[in-house]
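Every read-out reported here was derived from the displayed coordinates using simple, explicitly stated rules and does not represent laboratory data. Quick caveat: nothing in here was measured; it's all calculated off a predicted structure. Because the Cβ atoms are built from the backbone with ideal geometry, glycine has one as well, and the counts that use them run over all protein chains shown.
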Amino acid sequence: MKVLTLFAAILVMTCTGYAQSGNGNENGNGAMQFFDLQLPGIVYNPCCDEWIDIVGTAHVVLRKDGSYHLNVKGVTGTASSSGNTYTQRGVSTQNDRYSIPDANPGTVTFNIQLESEDGCSFILTQVYHVTYAADGETPIVNFEKEFVRCLD
C-alpha cells in the first residue's frame, strides 16, 4: 500500500479559513464554536497517477473541553487528466480531541474515502491546525498537511 505525504509548502491545497455559521456562544452541548470548513483544492492521487480537483465542506464543532465533532459528506472531485469523477463513499463523522481543555493550539484530522467510476479508490486524510484569535473566542483554522492512502 502506497502512502504519499503532501505538505502545505507544495501549495496544492490551501485552507481559505472558516465560514462562521453560528454565533459562537456556548449551547447546551458545551459547544464553543461551530463553522463550515471549505475543502477546495487539488490533490494528487498516486493510486491512479492523476490530479483531482476536490470540492466539499466539513461541518465542525469545537467544544470548550478540547473535543470536536466533525461531519464531512458529499465531497466530489474531477480528475484533470482522465476526467474521471470521484465521489465520497459514506459519511465521515468523527468525535475526537483537538487539544487538552483550554489549551491553544490544537489539531483537527479527518479521513474521506473517494472512489472514481472506474474503481480507483483512496482515503484522503487532512490535518488542520487550530488556534484562537486574540479575543480567545474566534478559531483560526489553517490547512497543515494531507496524506493519500491507496485502497487495493
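If you take the charge dipole of the stretch 35-82 about its Cα centre, with +1 on Lys and Arg Cβ and -1 on Asp and Glu Cβ, which of 35, 72, 47 is farthest toward its positive end?
Towards the positive end, the residue furthest out is 35.
Could you rank the peptides 118-128, 75-85 by their average count of other C-beta atoms within 10 Å per residue, with the highest value first? Spell out each step's value before the answer.
Working: 118-128: 18.1, 75-85: 15.8.
Going from most to least packed, we get 118-128, 75-85.
Going by average Cβ density within 10 Å per residue, which order do the peptides 59-72, 130-143 take, highest to lowest? List each step's numbers first, then the result.
Details: 59-72: 18.7, 130-143: 14.2.
Per-residue mean Cβ counts within 10 Å order the peptides as 59-72, 130-143.
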